[in-house]
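Structure first, commentary second.
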Amino acid sequence: MNASHKRFLAQGHGKTGPWVDLVNSEEWDTYGERTDHLSGPVWVPFFLRQWRFAKPSRTARPIRKLKTLRAALRKSCEALSAGRRVPPAEMRVLNQALNVTGKRQLFERQNGLRLEFVPARSGWDSILAETARSFAETLAGGEPRRIKICRNDDCRWVFYDRTKGRTRCWCSDKSCGNRERVRRSRARSKRLLAL
Ligand SMILES: [Zn+2]
């Protein structure tokens, strides 16, 4: 594993599901500086490896499709984290991505039998479909209210809040959470000085 893969893991990539990682492949640092990992050379191979997607053979990455799905995921996450529903336009994009042919098959896995979907063709369309499926399953079977966006407006990192009381507000306590604490305590001391 190389240094950038380690950095992605430390940031939280490769843990929750492909959908979270795709949304966060458009990354703002805590000061609002944007990086688009879809256009770079490192993130996509990491994403494919981390989620065990077969590397598509010789086909160029469909940047437009990836960006359309990513934008739909972000809009959906923004709506959900604000207590609203997934908007119809984003539902259409998700359903479009899900629309690949294939078959259902039963597999004996380490933790027992699993019903899985095997796409008729491997490649980018099936990767997009799997990514959309991971989100759809969180919506339909998980707890969509746990989908949140970092409270720092400059950061916008999307995460799935696993805390018991759904109390997590920040991508990380060390970066954005800490920055907010510093900001608050500065504001407090300013107020005290003004007294
Ligand atoms: Zn953040």
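Restricting the first member to region 114-139 and to residues that are of a type in the set (S, T, N, Q), and the second to residues that are surrounded by 16 or more Cβ atoms within 10 Å (Cβ to Cβ), the beta-carbon pairs closer than 6 Å and six or more apart or on different chains are Ser126/Val100; Thr131/Pro18; Thr131/Trp19; Thr131/Leu22; Ser134/Gly17; Ser134/Pro18; Ser134/Trp19.
For region 120-136, state whether one or more residues are under 19 Å from Val100 (Cβ atoms), of a type outside the set (Val, Ile, Thr) and touching a strand residue (DSSP E or B) at 6+ places or on another chain (Cβ under 6 Å). Looking through region 120-136, at least one residue is under 19 Å from Val100 (Cβ atoms), of a type outside the set (Val, Ile, Thr) and touching a strand residue (DSSP E or B) at 6+ places or on another chain (Cβ under 6 Å). Of the residues in region 126-138, not one is within 13 Å of the ligand (Cβ to nearest atom) and either more than 21 Å from Leu22 (Cβ to Cβ) or at pLDDT 90 or above (or both).
Among residues of region 81-95 that are farther than 18 Å from Arg145 by Cα, those with a beta-carbon under 8 Å from a residue that is outside any helix (DSSP H, G or I) at least six positions away or on a different chain give the pairs Leu94/Val86.
Of all positions in region 151-162, none carries a residue that is surrounded by fewer than 19 Cβ atoms within 10 Å (Cβ to Cβ), within 14 Å of the ligand (Cβ to nearest atom) and not in a loop (DSSP other than H, G, I, E, B).
Among the residues here, Trp28 does not qualify as of a type in the set (A, V, I, L, M, F, W, C) and in contact with a Ser or Thr (Cβ under 6 Å, 6 or more places away or on another chain).
Scan region 78-137 for residues that are touching a Pro at 6+ places or on another chain (Cβ under 7 Å) and assigned to a strand (DSSP E or B) and the total you get is 1.
Under the condition of being surrounded by 12 or more Cβ atoms within 10 Å (Cβ to Cβ) and in a loop (DSSP other than H, G, I, E, B), which residue from region 167-195 is farthest from the ligand (Cβ to nearest atom)? Per the stated criteria, the residue is Arg168.
The values are calculated or read from the model by the stated rules, or taken from the named source; none is laboratory data. Keep in mind it's a predicted model, so treat the numbers as computed, not measured. Reconstructed Cβ throughout: ideal geometry from the backbone, glycine too, with neighbour counts over all protein chains shown.
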